[in-house]
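**Q** Handing you a structure now.
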Amino acid sequence: MREMRLPLLTCLAAACALATTAGAQGVPAAAPLRTIAVDERLVEDAGIRIGDTISLAARAGGPTTRAIVGAITRRGADPSEVARRDYKIRLHLTQLQELVAYEDRVDRFAVLATAGNADSARDAINAQGFGFRAHLSKDVAVQTSQTFAVISRFNRAIGVISIVASAIFLLCIMLLKVEERRRDVAALRLLGISSRTIWRAVVLEASCIALLGSGFGLVFGLVVSRLINAHYQEVYRTPLLFSLLTPGTVAFAIALSVVLGIGAGGLAARRLTRRPPLSLLGR
């Protein structure tokens, strides 16, 4: 709960004046207010600024303590915090202990260890006593991201179904397009051009169309990805990327498009070149 909005210099000057007066009268000077760091979403919603004095309480209606806003923190790209609407305030450890009356207790703490010693450090901590449990940060991340893993598998299944359906659709389109050119193919065959040459020409044309379609699809995907990120980052006020177009994804999409284009063009051309030229002319 915000009490007043005073610049930081004004609060410091008032604290110095009170300390001087108290020292002159022989009364112990009051401790200066300590600083805290507040969430940028709280800054936007409550209109808090650096230097404001706010009151903090562990529970509604409980005892409060005053602090000065000294910094504004930005949320990280953590998927587990996307849908959380609560605000975060960072305090000094002694401030937090006084506020929640925990004395010398803690809920959790982090231990920094090198990558090669992480497992041994975890085992050593767990062997010290009962009542607590040490976990690796990667294990905690996996447990808190189960929902997103399910969504990822669901999206992968949708992608596989879409690829199979698009391959069937592409084959049908190529069959229709090649069938429309049966008179041209018959004329080329009667002129002495071999079936292999015609097959290669059709496959080359299908490959070019596949590459051109991949280019349009890449541009479309890039635009849609940026629109999705811009929208949901604004909704959830997070730097997390909701849609990511990686070089590996682009390479896989182009390779898949070319393979499907060559396969569909080859099957359609093979079906057409195996027929006699006169039958292609309807005779």
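The values are calculated or read from the model by the stated rules, or taken from the named source; none is laboratory data. Bear in mind the structure is a predicted one, so any value in this text is a computation, not a measurement. As a convention, Cβ positions derive from the backbone with ideal geometry for all residues, glycine included, and neighbour counts pool all protein chains shown.
**Q** Considering each of GLY70, GLY51, GLY76 in turn, give the residue that is at positive phi and either in contact (Cβ under 8 Å) with a residue 12 or more places away in the chain or surrounded by 15 or more Cβ atoms within 10 Å (Cβ to Cβ) (or both).
**A** GLY51
**Q** Give me the residue from the stretch 65-105 that is touching a strand residue (DSSP E or B) at 6+ places or on another chain (Cβ under 7 Å) and among the hydroxyl-bearing types (Ser, Thr, Tyr) and, out of that set, nearest to ALA46 (Cα to Cα).
**A** Top of the filtered list is TYR87.
**Q** Another one. Taking LEU212 as the residue in question, decide whether it is at pLDDT 85 or above, under 19 Å from ALA264 (Cα atoms) and within 30 Å of the chain's Cα centre (by Cα).
**A** The answer is yes for LEU212.
**Q** Also, quick follow-up: Please identify the pairs in which a residue from the stretch 138-167 that is under 19 Å from LEU256 (Cβ atoms) has its Cβ atom under 6 Å from the Cβ atom of a residue that is assigned to a helix (DSSP H, G or I) and at pLDDT 75 or above, counting only partners at least 6 apart or on another chain.
**A** Pairs that qualify, where the first residue is under 19 Å from LEU256 (Cβ atoms) and the partner is assigned to a helix (DSSP H, G or I) and at pLDDT 75 or above, are ALA167/LEU260.
**Q** Just one of ARG183, ARG226, ARG196 is surrounded by fewer than 15 Cβ atoms within 10 Å (Cβ to Cβ), in contact with a helix residue (DSSP H, G or I) (Cβ under 7 Å, 6 or more places away or on another chain) and either part of a helix (DSSP H, G or I) or in the same structural domain as ASP86 (by TED's automatic domain parsing) (or both); which is it?
**A** Checking each option against the conditions leaves just ARG183.
**Q** Which one is surrounded by the fewest Cβ atoms within 10 Å (Cβ to Cβ) among residues in the stretch 79-103 that are over 33 Å from the mean Cα position of the chain (by Cα) and assigned to a loop (DSSP other than H, G, I, E, B)?
**A** Only one residue tops the list, namely GLU103.
**Q** Would you say VAL258 is closer than 30 Å to GLU40 by Cβ, hydrophobic (A, V, I, L, M, F, W, C), in a helix (DSSP H, G or I) and touching a residue at least 12 places away in the same chain (Cβ under 8 Å)?
**A** no
**Q** Scan the stretch 111-137 for residues that are under 21 Å from LEU93 (Cβ atoms) and either assigned to a helix (DSSP H, G or I) or touching a residue at least 24 places away in the same chain (Cβ under 8 Å) (or both) and report the count.
**A** Within the stretch 111-137, residues that are under 21 Å from LEU93 (Cβ atoms) and either assigned to a helix (DSSP H, G or I) or touching a residue at least 24 places away in the same chain (Cβ under 8 Å) (or both) number 2.
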